[in-house]
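One structure is given below, encoded as structure tokens.
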Amino acid sequence: MKGIRKSILCLVLSAGVIAPVTTSIVQSPQKCYACTVDKGSYADTFTEFTNVEEAKKWGNAQYKKYGLSKPEQEAIKFYTRDASKINGPLRANQGNENGLSSDILQKVKLIDQSFSKMKMPQNIILFRGDDPAYLGPEFQDKILNKDGTINRDVFEQVKAKFLKKDRTEYGYISTSLMSAQFGGRPIVTKFKVTNGSKGGYIDPISYFPGQLEVLLPRNNSYYISDMQISPNNRQIMITAMIFK
């Protein structure tokens, strides 16, 4: 199909498109934890969208299947307007619901509930952009040189800490069907999400429509299989596999 390509597991993101980003999909800072794990066996082919119209068509077809309730839609829209209001407390509490305000807890329960209706119908590639805070306080102020390029010495330290390990995200993970949303971000992750994984296309109810947003559940873990610096030396390109 035009605008779609199959991606093999060993491939990494090619980030050549620069685009402005005013998006709830970029989430930073994060509180994630890394530890060594054994990598499982996964299918090696994933659908990757390269055409906006094809991506929209696919996404809208998925959204029509969900049948989200009005309260679920409203909770998701609230999240997309300012993800930090929900993800901030979740990360601070390492995913524990204790300590959440009653209003935020209600929205979290509704969003969690929505994932019983939203699942990936096939192996698919999703993208996410992040700021240096993604790497944590140890690296966030050192990873970029003054001219905006990647500090290669610091990058080697980053690789030593995160490459071939998994990370747990205690907040929800906002992604996009296409990488163009994040061309100007210093960190871009290419997620490989397998058929049957929880996740849903929410662009039709997003506060910022047009981002081709796909939302993944909280308390998700993913394995970082590759980390590279882009040819222009301005992006860290990460390839990761989402665990079901």
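Determine which single condition ASP130 fails, assuming it passes every other condition in (1) surrounded by fewer than 18 Cβ atoms within 10 Å (Cβ to Cβ); (2) modelled with pLDDT of 95 or more.
So the condition that ASP130 fails would be (1).
Which condition number in (1) surrounded by fewer than 23 Cβ atoms within 10 Å (Cβ to Cβ); (2) in contact with a strand residue (DSSP E or B) (Cβ under 9 Å, 6 or more places away or on another chain); (3) of a type outside the set (Asp, Glu) is the one that LEU216 fails?
Checking LEU216 against (1) surrounded by fewer than 23 Cβ atoms within 10 Å (Cβ to Cβ); (2) in contact with a strand residue (DSSP E or B) (Cβ under 9 Å, 6 or more places away or on another chain); (3) of a type outside the set (Asp, Glu), the one that fails is (1).
What are the residues in the range 133-148 that are exposed (fewer than 15 other Cβ atoms within 10 Å of the Cβ) and in contact (Cβ under 8 Å) with a residue 40 or more places away in the chain, if any?
Initial filter on the range 133-148 (exposed (fewer than 15 other Cβ atoms within 10 Å of the Cβ)): 137-138, 141, 145-148.
Correct list: GLY148 only.
Check the range 64-80 and report whether any residue there is of a type in the set (Phe, Trp, Tyr), more than 18 Å from LYS190 (Cβ to Cβ), at pLDDT below 95 and under 18 Å from the mean Cα position of the chain (by Cα).
If we filter the range 64-80 for residues that are of a type in the set (Phe, Trp, Tyr), which is where we start, we get 66, 78-79.
Checking which are more than 18 Å from LYS190 (Cβ to Cβ) leaves us with 66, 78-79.
Next cut, at pLDDT below 95 only: none.
Checked the range 64-80: no residue is of a type in the set (Phe, Trp, Tyr), more than 18 Å from LYS190 (Cβ to Cβ), at pLDDT below 95 and under 18 Å from the mean Cα position of the chain (by Cα).
Cβ-Cβ under 7 Å, sequence separation 6+ or interchain: first residue in the range 99-121 and assigned to a helix (DSSP H, G or I), partner β-branched (Val, Ile, Thr). Which pairs?
ILE104/ILE86; LYS107/ILE86; VAL108/ILE86; ILE111/ILE76; SER114/ILE76
Counting only residues that are among the polar types (S, T, N, Q) and closer than 17 Å to ILE76 by Cβ, give me the strands (runs of 3 or more DSSP E) lying completely in the range 167-229 with at least 3 of them. Steps first, please.
Working: elements: 173-176, 187-193, 213-216, 220-229.
It comes to 173-176.
Of the residues that sit in the range 93-126 and are in contact with a Gly (Cβ under 7 Å, 6 or more places away or on another chain) and charged (D, E, K, R), which one is nearest to PHE182 (Cα to Cα)?
Per the stated criteria, the residue is LYS119.
Name the pairs whose Cβ atoms lie under 6 Å apart, with the first residue in the range 150-170 and closer than 11 Å to LEU135 by Cβ and touching a residue at least 40 places away in the same chain (Cβ under 8 Å), the second of a type in the set (A, V, I, L, M) and in a helix (DSSP H, G or I), and 6 or more positions between them or separate chains?
VAL158/LEU135
The values are calculated or read from the model by the stated rules, or taken from the named source; none is laboratory data. Source: prediction; values computed, not measured. Please note: Cβ atoms are built from the backbone with ideal geometry, for glycine as well, and neighbour counts cover all protein chains shown.
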